[in-house]
Each structure stands twice: as structure tokens, then as C-alpha cells.
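Q: Let me give you the structure first, and then I'll get to my questions.
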Amino acid sequence: MTKPETARGGTYDHLDALPYAMVVVRDSHIIHANPAFCTLMGYPREQVEGACIEQFSTHAAPLMTERHQRRMRGERVPEIYETSLRAARGELRVELNVSVSGPDVLVLVRDLSDRLLQRQVLQRMATLGASLPGIHSEQEVLHRVFEGLAELGLSHGYLVPEGDRVRLAHAFIAEHTTPQETRFNGQHLVDAQGAWSPLLRRAWREGAAHAESLAWEADQFVGKGREEPVRAFLGLLAPLPAVCARIDGEGEGHALLTVAARWLSEEELPAVRLFAAQVSAALASARIISRLSTHNTALAALNRLAAVAATAREPRDIFEPGAAELFALMRCESVSFLLWLEQSHEMQLVWQRGLSKEAAQYYLRYPLGGTMADAVLRHDYPQVRYVEEFPEPTRTHLRDTQRSAVAMVPLKTGSRMVGALVLAFAQRRVLSHLEQETLRAMGVHFAAAIESHRLLQEVRGRAEELARLHEELQRTQRQLVERERLAALGELSAVLAHEVRNPLGAIFNALAALRRYQEPDSPGHLLVGIVSEEAHRLNRLVDDLLDFARPAQPHPQPIPLVNLLEEAVNAASPAQAHVQVEWALAPDVPPIPVDERMMRQAFLNLALNAVQAMPQGGTLRVSARRRAEGPGATVEFTDTGPGIPPHLRARLFEPFFTTKATGTGLGLAIVRRNLDAHGGQISIDFPATGGTTFRLELPAAPEPQGPRQG
């Protein structure tokens, strides 16, 4: 069969003006290819026309031939089918629409790359929506949604209606380069306010809507009067089609989610609407979980406060723990308790935490009339006011201390008004219904404490009340004794070590004198040796007591851990030559800021413990590596000894607890104290194969160990 001539010069030239890729095939050879087909395939026209169709596809040519023969026999065969063509940039998935014109076959070629990409993106979007349930906070849900859409290469925005305006809470613009490529280093924008565009209005009304140009919609949102950088940012938007869907919750709309991509059409409305429904359900679930968590937190705070109020002898006993609960619950900057002096019609500051010295002096006592406290006490309802609503000089005091809002709650017990609780915030905020109810409930406890104190002063002579107070005092003392047990042990250790050190000095001097008068082979020499050995053991006990009693005040400096570990192991291992040491020191362990003396002591105690746990021999494995989470280092001491019985493991770090006949029980207590002083942690593992592993987590910078300030 001869190769047919190309159809240049008339018959199919009209196909060149079409934007669709088309070829004409005669006897399995291409006799005409329009420019759109050449562009799609990436070959020059001269290379395409006259070529055999099998050159571009080993699958399409036989299929086209077979279907053409069946069509010539009068059989009904499909005119549209999918196959692959061999383009210059690689295999290309296409759809062929075949029609016959005499001896020629006209083939319309449609690129299906976009359709495959579209299917993949929609499937991944559905998978993203299915992964959202179970997340416990709204912020985390939205973060997962925004992150997932950005990974899919979808430009998107999250808008929250605010009356007649819309706030763009989050936006991401993916930088589209070619139809097959999307770069994900897009632009972000948050907290920009604009107008309702037609797309937003339709989506808010109908649940979802489609627009042909996101750029045009963004221009309507911005408006003419919007300044940079919002206009410049939205100017990056390409005229991409977009779909906007409403985010619902609790029976009403909450927000709008807009996504944009070059392939989005009205056909994708159901898919985006479904994704929006998944986001809505996840947000609603997170709100319920958050609300329950907040409610439980408030109940726990009230229970703790009620427990403290039951043992409080005077208001100050409840103010301190109550303020701690308020700081944790409300995230405020200061807490003040004002007492209402009914006779003088004044407010008196009776306790505060967080006020400046000048502000505390100013509010120490002031007239009630016309103030915020006057309104709160008269209406018996919590109020929030912002700094600009206060008169001078209160406004200046608030601004000088960087306070933006003040909340005041009445303190009332029964029908008696006692005073007011005042909270100051750095940021403007409102009180939710749950917060108001929680503050009122806590205010009852505070008011009860204040009123009880007043009544106790009036009935101080009642013997029954005094007996109850005495019982409460004893209970508090027992709690304090339990909390300060370790501190008392430290003080006792210091006193005991000091008192024993002087007699030990006399014993060592006497032993030295006795050795000068004893012959090496005399019976007395053996006794002197026994006394000397026991005196040295007692001296080591004194050293341990002093180490335990010494305040843990580290002076950290960057120290290579490898050097400290080698010194500690070398000091511990000579006594047990039958113990082998294995090292696993990672070369990338950075110098850690530690107190060299304290950390050397901790390493030495752990090495000695490991060596002494293997009296019959064994292996001590010492490892050091970077921490898996966060900066710092992880150090491990592992022995192959018999391990520690389960019933003794909980007491390992108790002072003076030991399983050794000659131990002091202070080694591990000192190790934990030194680790705590550096902000580190120590844990113990018991491998199934036997032995014990002590794991030390050392942060890159030690945390301060001073008392917390309220």
C-alpha cells in the first residue's frame, strides 16, 4: 500500500481555524493535522502529516482500523472512546471522537488530563473532609482545611459575615503556571473586610454558587476605596472560575468557603457543597466538644474553689487560690476584690493581683456614686466596659497599664450585696453566657467568704465556731506538713550531716594515731582497719546527705555531654572490671547548657547504680543522641542486671529508700533533684530481656526553677 498524499491545498484547510485538535486519517496515515493538534502533541506539522497513526499510538491505530472495518460492514460501533497518544512530553490520555467522510476518517482529539486531575483533586477533597471529624477545636479544623486545600493547589478563601460587610478571615492564592503544574508557595492574607459580591450573596442564599471569574468577584469585594495591601494581594488573582459554599452550624449560616481552579465548573457544585457540609459538621462537633470542655473546666474550677472556701478562715484564704483559678479560666491580666462599705457608701480594695502599685493605691478606697461598681451593684448583673468608656483619671490608669477592657461581677450572698469582683484584660472582649454564669457562681463563694468573715467577727465568742475553726486549722496543717515533707528532709539532712562531720574528724585523727602504734600483723591492726572502713562509709553517707540538702541552684554553661559521660563511667567502672562498657554516642549531639558539677554527679550516680546492679558481670550501655522532639539531648544508661521488682519501682526516687545493704538511698533522689533543677526529666524502662534503662531528657536551655508569680 502506497503512502497517501497529504491534503494540503483545499479539502480540510477549514479545520485549521478550529480551536479543537483534529486530524484526518486515510489508510492509517495522517493526511491533515490542524495547528491545535500539533500544539497538543508537541510536534511540528511537517513531522505529523504523512506519518502513520501507529507512530503516535500502538493502541489507537488498530482500534480505529477495526472499528472502521466494522462501520463499513454496516455495524453500529461507538464513535467516542478513550485511549493514549504518545506526545512529545510523554503519554497523553485523550478522548477520540471519530466520524467518517468517504475514504477519510476525521478524528476530534480531546485532552483528558484536566479531567483526570479534576477527579483526583475532588477525590482528595472528599478524603480531606472525611478526616475532619474528631478534631477537638474549631481552629484546628480550619487549619486542617486550609492546609489541605493549599496542598491540592486550590486557591481558597474563608469569609465570615459581619452585618452588611464580610470579613475575609483567611485567603490563599495558588500560583498557577501551566495546566499540568501548580506551585504551592502561594500568597496568604487574613482579616480583610469587604462588600458582599454577587457570588457571596448567591452562595449565602442558596447554599452554593458558581462564578466564572474569581478576579471579578474579588474586585467587587474590595471596592474602589480599598487601599493597599489588600488590593495588591487580590490583584494576584487570575480570572479563574470559582465555587462558593456556605458553612452552616446550629441551623444557620456561619461562614462562606470559596475555592478556585481553572477546571472548576458548575458540575463541581455538588462536590464542593458536600465538602462544605463535611466542614460544617466537623466545626459543629468541635464546638460541642469545646463547649463541653469549657463547661467541665468551669465546673472543676468551681469544685476546687468550693473545697478551698470550705476551709477558709478569712477572705484572704480564698482570694489567692480563687485568683489563680480566674487567671487560668479567663486569661485576664489582673484580679481585684472590692468590698462595699455600706455605711460610707464607698468601695474598698481588699485584695488584688496584677495591679500596678499606683493603680492599687488609687483604688484603695473611693466613692461609689456614678462609677461602674455603682451600676453593677444596683443592677446586680455583670458588665464589661472598654477603656474609652471610663472617665479620667481611670482611663489614663488603664491605658498606662495597657488594659483594654474591664469586667465587673457583683459579689452577693443571699439578698446581701457584699462587693464586686473586677477582672482587667489586655484585649477587648465580651463575656459569654457560660463565663458570666461561672463568674457569678464563683462570686457566691467569694461573697460567702467575705460575709462569713464578717459574721465570725461578730460571733467570735461562740465556742462551737472556734472549735470548727480549730479543726479546719489542723486539717490545713496536716496538708502543709505533707507538702513540705521533702523540704523538711533536706533541712534534717543538712543538720545531721553537720553534726556527724565533727565526730568523724576526731575518729579519723584517732585512727591515724592508732596506726602509728600498731604493728601491721597485730590483731589491733585488723580492728583499726574495720573502724576506718566504717568511718569512711559514714563519711560517704555524710557527703550524700550534704548533696541532698544543698539547694539545687545550677549555673549552666554549654558543656559537651560526651566528656561528662566518659568521666562518670570511667570513675564508676574501675571498681567492677568485669563490667563491659558499650558506647552509642551520636556525633551530632550539641553542647548542652548544664551545671557541670551537678550533671557529672547525676551521671556518676546512674553509672554506679548500673555497675552495682551487675556484681557477677554484665554490660553497661551508654547512649546519647539528639532529642526526638524539641532541642536538647537524650542520655540513656542501660544495664543487664536482674532488674527491679515491680513492687519497688514506685519508690525508686524516694529519699533514703534503698535495696542495697550499704546504700544511703539518696543517689536517685539527687539525680532527680538535679534533673528538675535543669528543667529535665528522668524515666525508667524495664526491657523484656531484663535489666534497667534510665533515660534522661535534657532541654537545650534549662527552665527557671523559682516560684511562680501570680
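Q: May I ask which residue of Gln118, Leu159, His136 lies farthest towards the positive end of the charge dipole of region 86-170, with charges of +1 (Lys, Arg) and -1 (Asp, Glu) on Cβ and the Cα centre as origin?
A: Gln118
Q: Right, here's the next one. In whole Hz, what ³J(HN,Hα) sequence does region 272-289 give by Karplus (6.51, -1.76, 1.60; θ = phi - 60°), x for Gly and Pro?
A: So the J values, rounded to whole Hz, are 5, 4, 4, 4, 4, 5, 5, 5, 4, 5, 5, 5, 5, 5, 5, 5, 5, 4.
Q: Using 0.36 nm times the number of residues separating Arg304 and Tyr381, minus their current alpha carbon distance, what extension gain do you get? Let's see the in-between values first.
A: Values: separation 77, 0.36 × 77 = 27.72 nm, distance 2.41 nm.
Here the answer is 25.3 nm.
Q: Now for a separate question. Calculate the all-directions average of the projected area of region 347-420's alpha-carbon convex hull, and give it in nm². List each step's numbers first, then the result.
A: Numbers: hull surface 19.9 nm².
Value for region 347-420: 5.0 nm².
Q: Under a 5 Å amide H to amide H cut-off, with H placed in plane at 1.01 Å, what residues pair with Glu79 once short-range neighbours are removed?
A: Sorted by chain and number, the residues that satisfy this come to none at all.
Q: Still on this structure, I have one more. Using per-residue counts of other Cβ atoms within 10 Å, averaged over each peptide, order 30-39, 442-451 from highest down.
A: Details: 30-39: 20.6, 442-451: 22.8.
Per-residue Cβ counts within 10 Å, averaged per peptide and sorted highest first, yield 442-451, 30-39.
Q: Contact order normalised by length for region 90-149, with contacts defined as Cα pairs under 8 Å and 6 or more residues apart; what percent is it?
A: In percent, rounded to a whole number, it is 23.
Q: Using a basic spin-label model with each label point 7 Å from the Cα along Cα→Cβ, how many nm lie between Arg331 and Arg144?
A: Each label point is offset 7 Å from its Cα along the Cβ direction, giving 2.1 nm.
Q: Which order do the peptides 598-608, 411-421 come out in when sorted by mean C-beta neighbours inside 10 angstrom, highest first? Each step should come with its number before you reach the end.
A: Numbers: 598-608: 23.2, 411-421: 19.3.
Result, highest mean first: 598-608, 411-421.
Q: With the crude spin-label approximation of a point 7 Å out along Cα→Cβ, what separation in nm comes out for Arg316 versus Glu596?
A: In this crude spin-label approximation the distance works out to 4.7 nm.
Q: Could you work out how much longer the chain between His647 and Thr476 gets when fully extended? Use 0.36 nm per residue separation minus the Cα distance between them, nm to one decimal.
A: Values: separation 171, 0.36 × 171 = 61.56 nm, distance 3.13 nm.
That works out to 58.4 nm of additional length.
Q: Pop a pseudo-label 7 angstrom from the Cα along the beta-carbon direction at both Tyr81 and Leu106 and give the gap in nm to one decimal.
A: Each label point lies 7 Å from its Cα, and together they span 2.1 nm.
Q: At a Förster radius of 41 Å, what calculated FRET efficiency corresponds to the Cβ-Cβ distance of Ser415 and Glu388, to the nearest 0.05?
A: 0.70
Q: Let me ask something else. Any idea what the dipole of region 13-111 comes to, in debye rounded to 20, about its Cα centre with Lys/Arg Cβ at +1 and Asp/Glu Cβ at -1? Write out the running numbers ahead of the final one.
A: Working: 11 positive and 14 negative charges, 52 e Å.
With only Lys, Arg, Asp and Glu charged at Cβ, the dipole is about 260 debye.
Q: Now for a different question. How big is the dipole moment of region 312-458 about its Cα centre under a simple scheme where the beta carbon of each Lys and Arg is +1, that of each Asp and Glu is -1, and everything else is neutral? Debye, nearest 20, please. The partial results should precede the final answer.
A: Working: 17 positive and 18 negative charges, 41 e Å.
Dipole size: approximately 200 debye.
Q: Moving to a separate point now. For region 91-105, just list the computed ³J(HN,Hα) in residue order, Karplus coefficients 6.51, -1.76 and 1.60, θ = phi - 60°, integers in Hz, with x standing in for Gly and Pro.
A: Each residue of region 91-105 in turn: 5, 10, 7, 9, 10, 9, 10, 9, 9, 10, 9, x, x, 9, 10 Hz.
Q: What is the sum of charges around Ala441, taking Lys and Arg as +1, Asp and Glu as -1, for the other residues whose C-beta is under 12 Å from the C-beta of Ala441?
A: Working: positive: Lys412, Arg440; negative: Glu325, Glu435, Glu437.
Surrounding charge for Ala441 is -1.
Q: Which whole-angstrom value gives the distance between the alpha carbon centres of region 616-646 and region 352-421?
A: Comparing the Cα centres of region 616-646 and region 352-421, I get a distance of 57 Å.
Bear in mind these aren't lab numbers, they're just calculated from the coordinates by the rules spelled out. Note that the structure is a prediction, hence the values are computed from the model and not measured. Note that we place each Cβ from the backbone using ideal geometry, even for glycine, and neighbour counts take in every protein chain shown.
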